[in-house]
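Data first, discussion second: the structure below is written as structure tokens.
No value in this document is a laboratory result; all are computed from the given coordinates. This is a predicted model, so every value here is computed, not measured. Using ideal geometry, Cβ is built from the backbone for each residue, glycine included, and neighbour counts are taken over all protein chains shown.
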Amino acid sequence: MSSSRTPSSPAEEHAVTVVGLGPMGRALAGAFLAAGVRTTVWNRTPGRDRELVAAGAVSAASAEEAVAASPLTVVCLVNYDAGDAVLRQEAVTRALKGRTVVNLSADTPERARDTGAWADEHGIGYLDGAIMTPTPAIGTPDGVFLYSGPGALYREHRPVLDALAGTHTHLGEEVSRAAGYDIALLDIFWTSMAGYAHALAVARAEGITPTELAPFAQGIAAILPPLFQEWAEDVESGGYSGEASPLTSAVSTMTHIVHASEAHGIDAGVMRAVEGLSRRTVALGHGAEGFSRVVEVLGRR
């Protein structure tokens, strides 16, 4: 990244601009304000800043004015297309030169690398980031923030970012690492929630209410954390132990779920996909190994 930076006066050291005032952006701006950070806000749709302005935020008339108001701009928009539409306007890009952008919008690692290259080309400091907790956690100890990009830049702006409370982790110099973690962790979340939604549908078809199932579902969830660590070690070592539960046994239980679901007319597409992947792994000679072996099969072209 370019080392050409706009010097900050003491008054600017605890100042930030927030671009994007959806629910998460408003929560970020509110947390900065609550911590005493001078906060400038801007949103493409007018009117979303009223409560923030009442709490002490400065409302910028334009994106250019907003980014010029602070040495640090935090962007929180729906995706990088929305971010590009704002940041890559000629006047805004010019105003950002020598300043820093922390992009907390969600998108792919490829888009993070592209935006990092754009920022470097225009003399803009750039950190990519991800928020791994819901809006109510912002400004509390439960918030979790991930960042990647130049370590020196992260350390420089850490005092302001700390105003968001919670846990802040710098994952390394490669600018796309935060987005990589984000995609992988969201993968866990959404596939898990899809599984739970399917389980609720199957249980209800069998006369089991969601509230009756929920305590036992939580018991299943409690099994997962140690398995996450065990599987991580299996995949890194290539061990894929199936001593406790070989893949052939797992496939049998998957088949039961598919049959029970479809007997009630419930779409079993997700489980059929998992069953198919597992059978393919068995066919490749890995039936005695654990389910973690499918990681290698997934990566095959």
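How would you classify the stretch 1-157 from its alpha-carbon gyration tensor, with a ≥ b ≥ c the square roots of the eigenvalues: rounded for a/c under 1.5, else prolate if a/b is greater than b/c, otherwise oblate? Let's see the in-between values first.
Values: a/c = 1.32, a/b = 1.20, b/c = 1.10.
Rounded is the answer for the stretch 1-157, as its axis ratio a/c remains below 1.5.
Across all directions, the average flat footprint of the convex hull enclosing the Cα atoms of the stretch 209-298 is 6.6 nm². Does the stretch 129-176 classify as rounded, prolate or oblate by the C-alpha gyration tensor (a ≥ b ≥ c root eigenvalues; a/c under 1.5 gives rounded; else a/b over b/c gives prolate, otherwise oblate)? Here the stretch 129-176 falls in the oblate category. The angle between the Cα long axis of helix 109-121 and the longest principal axis of the Cα atoms of the chain comes to about 20 degrees, rounded to the nearest 10. Short-range pairs are left out: with C-alpha atoms under 8 Å and at least six residues apart, the relative contact order of the stretch 68-107 is 64 percent.
Mean sequence separation of contacting Cα pairs (under 8 Å, at least six apart), scaled by the length of the chain, corresponds to a relative contact order of 13 percent. Computed over the stretch 209-298, relative contact order equals 36 percent, with contacts defined as Cα pairs under 8 Å that lie 6+ residues apart. Beta bridges assigned by DSSP with both partners in the stretch 10-173 are antiparallel in approximately 15 percent of cases. Between the Cα long axis of helix 269-281 and the first principal axis of the chain there is an angle of about 70°, rounded to the nearest 10.
Kindly provide the helix-only [θ] at 222 nm of the chain, computed as the sum of -39,500 (n - 2.57) over DSSP H runs of four or more divided by all residues, to the nearest 500 deg cm²/dmol?
The helix contribution divided over the chain gives -16000 deg cm²/dmol.
Taking 7 Å steps out from each Cα toward its Cβ at GLU173 and PHE216 produces label points 5.4 nm apart.
Please give the residues of the stretch 258-299, grouped as numeric ranges, whose backbone N is less than 20 Å from a label point set 7 Å along the Cα-to-Cβ vector of PHE228. Zone members listed by number: 291-296.
Comparing mean-square fluctuations of VAL202, VAL144, VAL41 from a GNM of the chain with C-alpha springs under 10 Å, the top value falls on VAL202.
Residue by residue, the stretch 42-47 carries 3J(HN,Hα) couplings of 8, 9, 4, 8, x, x Hz when phi is fed to the Karplus relation 6.51 cos²θ - 1.76 cosθ + 1.60 (θ = phi - 60°); x denotes Gly or Pro.
Taken as Cα centroids, the stretch 54-89 and the stretch 212-255 sit 44 Å apart, rounded to the nearest whole angstrom.
In terms of its alpha-carbon gyration tensor, the chain comes out prolate; a/c meets the 1.5 threshold, and the first ratio a/b outweighs b/c.
For the chain, the longest principal axis of the Cα atoms and the long axis of helix 247-263 meet at an angle of about 90 degrees.
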